[in-house]
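Student: Okay, handing you the structure first.
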Amino acid sequence: MTTPDQLPEASPAPPAVHSVADGAVDKPTGLGAVFAMLLRFRATVASWGTLSSPRAQNKTANDLAEDRTQLAAQRTLMAADRSLMAWVRTALSMISFGFTIYKILQGFAESGTALRAAAQPRVVGLFLIGLGNLCILMGAVEYWHRAKGLSVYGDIMVWRPTFIMAVATGLLSLFLFVGVIFKAL
């Protein structure tokens, strides 16, 4: 049995000698290159999470809490924007479906196809267009109340692009509703 003292010493690998004139640089190859690249990437990603702004490092706990409250209010307002857009999307689906049904059933009635009631295309179209208008109104009212409630936490502008588009869509759908009532379309 051999003891560690009796083992032959491993000879170190000879150092790579390159002259600067050769222009050769020792670069890792194979798995060594991949490992070096992963280490550089890890260091880069780790630096992303550090606070580099001296102004951010000098904030008090109250300042940081106020910043967090502002960010929470902004996130809530953006959630209200997304909810309003969902209301408008649902309303537009109902309005377009109602108008399409109105026009298709009106075409059937004009071609001589017997319908149960003469006013049926108008009634179905008006019902769906009115339901779409109601959806826009409900979404706009909900958004208005949410934005007004958030104004306690800072300067919250209610007339944001999503609200303006909802109001514009509501006005256009109201015009469509009135047009179907008076058969102007």
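Nothing in this text is a laboratory measurement; each read-out follows from the coordinates by a stated rule. Worth saying up front: this structure is predicted, and the values here are computed from it rather than measured. Here the Cβ is made from the backbone with ideal geometry for all residues, glycine too, and neighbour counts use every protein chain on show.
Student: What value in Å³ per residue do you get for the convex hull of the alpha-carbon atoms in region 69-181?
Tutor: In region 69-181, the Cα hull volume divided by residue count equals 77 Å³.
Student: Along the positive direction of the dipole of region 69-181 (beta-carbon charges: Lys, Arg +1; Asp, Glu -1; about the Cα centre), which of 172, 71, 125 reaches farthest?
Tutor: 71
Student: Moving on to the next point. Got a sec? Charge dipole of region 69-181, +1 on Cβ for Lys and Arg, -1 for Asp and Glu; which of 134, 145, 90 is way out at the positive end?
Tutor: Of the listed residues, the answer is 90.
Student: Arranged from highest to lowest average of other beta-carbon atoms within 10 Å per residue, in what order do the peptides 106-112, 120-126 appear?
Tutor: 120-126, 106-112
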